[in-house]
Amino acid sequence: AWTSSFGPTVAFESVDGPPPQVFDRLVRALETESTARSFTIVSREAQASYRVRSYLSAQVRRGKTTIAWVWDVYDRDQERAVRLSGEEPTGKGGRDAWATADDQLMRRIALAGLNGLNGLISGTAPAQDPAPAAPRSSGPAIAQIDENRPESAPGQMQTLAFSAH
């Protein structure tokens, strides 16, 4: 049964970068992880409070694969409200970097992004949080917020090159 949605709505306008099977895994992860949130995900044809343009890239460095992700979140006025980003090390190498982007990895990305969105929408975004940043190398994914400043993004962000393979 369809439940009527209350509160803000979020539409994913685009997901650039991953091959179809990885895209499908991300969509499933978003559906799973978006329940019990302060917002509702709607189709991209719908009117939405926020629209997300998402980019993923797979990088292999020294034999280890990392899936980097960026969510640019826009408000109703099409102003960028926030940029969420992170990197998920897969711990594996291989010729096809995307092959390491399994369901579990896509769930971690979905969770980190949705938690960041939740923070933006509920007004508890980490941007105002003075807590020290977690080390990048270990632990769960933490979305970093970059408020409308793509050119002053953390060093790792500047190395992201998105290509549609």
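The values are calculated or read from the model by the stated rules, or taken from the named source; none is laboratory data. Keep in mind that this is a model prediction, so the values were computed, not measured. Glycine also receives a Cβ, built like all others from the backbone with ideal geometry; neighbour counts cover every protein chain displayed.
A compact table of results
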quantity	calculated
Lone unmet requirement of (1) in a strand (DSSP E or B); (2) crowded, with 20+ Cβ neighbours inside 10 Å for Leu30	(1)
Pair list, Cβ < 6 Å and 6+ apart or interchain, from the stretch 58-70 residues that are closer than 10 Å to Gly91 by Cα to residues that are assigned to a strand (DSSP E or B) and acidic (Asp, Glu)	Thr66/Glu87
Qualifying strands (runs of 3 or more DSSP E) (wholly inside the stretch 34-121; at least 2 residues being of a type in the set (Phe, Trp, Tyr) and either at pLDDT below 90 or buried (at least 16 other Cβ atoms within 10 Å of the Cβ) (or both))	50-61, 64-74
Filtered residues of the stretch 11-27 (kept if under 17 Å from Thr100 (Cα atoms) and either of a type in the set (Ser, Thr, Tyr) or part of a loop (DSSP other than H, G, I, E, B) (or both))	Gly17, Pro18, Pro19
